[in-house]
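The values are calculated or read from the model by the stated rules, or taken from the named source; none is laboratory data. Bear in mind that the values here come from a model prediction, so they are computed numbers and not experimental data. Remember, those area values only see protein heavy atoms, side chains included, never the ligands or the DNA or RNA. Shrake-Rupley method; radii C 1.70, N 1.55, O 1.52, S 1.80 Å.
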Amino acid sequence: MIQRLKPLRQSARVSAGLLLLRFVAGAAFLYHGYGKIQNPFGWMGPDAGFPGVFQALAALSEFGGGLAWMLGLLTPLASFGLACTMTVAVWMHAGVLHDPFVALQGGRSYELASVYLCVAVLLLLAGPGRFSADRVAFGEKV
């Protein structure tokens, strides 16, 4: 298991880019998840089509995953959780609500959830880079 937490060896340039991406996207998730973590089992309201446990998992993945991305800590786990959450968000907006990819007149869309899903997949595959708590704690793959 520890081997999976070791980041790939990356150049300083690539690692700096990953750090910037992790920090900005992580801060956005921290912000989006903050309100949800205040009421983790009911943030969607009483008429939600999702059980409280799934709402809590989404709240934890957004708030905790955002913090983990910012630190570069347990990045594969955080990225997996956020990828799952964003897959559900894309599916809900695109498949269930039939929202457009981009709402040119404002309103709901699944553009942002798609971008966050791609960031999660990138960090899951590429790792956090050398400027991360994962590298300090677990070393890096050779």
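I'd like the Kirkwood hydrodynamic radius of the stretch 72-129, using the inverse of the mean 1/r over distinct C-alpha pairs, in Å.
11.9
Quick check: with the 1.4 Å probe, what order do Leu20, Leu73, Leu82, Leu104 take by accessible area, largest first?
Leu104, Leu20, Leu73, Leu82
In Å and on Cα atoms, what radius of gyration and Dmax does the stretch 24-89 show?
Values for the stretch 24-89 (Cα only, Rg and Dmax): 11.3, 36 Å.
Using a 1.4 Å probe, what is the accessible area per residue for the chain, in Å²?
58
Per-residue HN-Hα couplings for the stretch 86-95, Karplus 6.51 cos²θ - 1.76 cosθ + 1.60 at θ = phi - 60°, whole Hz, x for Gly and Pro?
These are the phi-based 3J(HN,Hα) values: 6, 5, 5, 4, 5, 4, 4, 6, 7, x Hz.
Which value in deg cm²/dmol, rounded to the nearest 500, describes the helix-derived mean residue ellipticity at 222 nm for the chain, given -39,500 (n - 2.57) per DSSP H run of n ≥ 4 and division by the residue count?
Result for the chain, helices only: -20500 deg cm²/dmol.
How big is the chain by the Kirkwood estimate over distinct Cα pairs, in Å?
Value: 15.7 Å, from the Cα pair sum.
Show Ile37, Ile2 ordered by accessible area, largest first, where the area counts protein heavy atoms only and the probe is 1.4 Å.
Sorted by accessible area, descending: Ile2, Ile37.
Expressed as an acute angle from 0 to 90° and rounded to the nearest 10, what is the orientation of the C-alpha long axis of helix 52-71 relative to the principal long axis of the chain?
Around 30 degrees separate the two axes.
What per residue convex hull volume, in Å³, do the alpha-carbon atoms of the stretch 6-59 yield?
About 98 Å³ per residue, rounded to a whole number.
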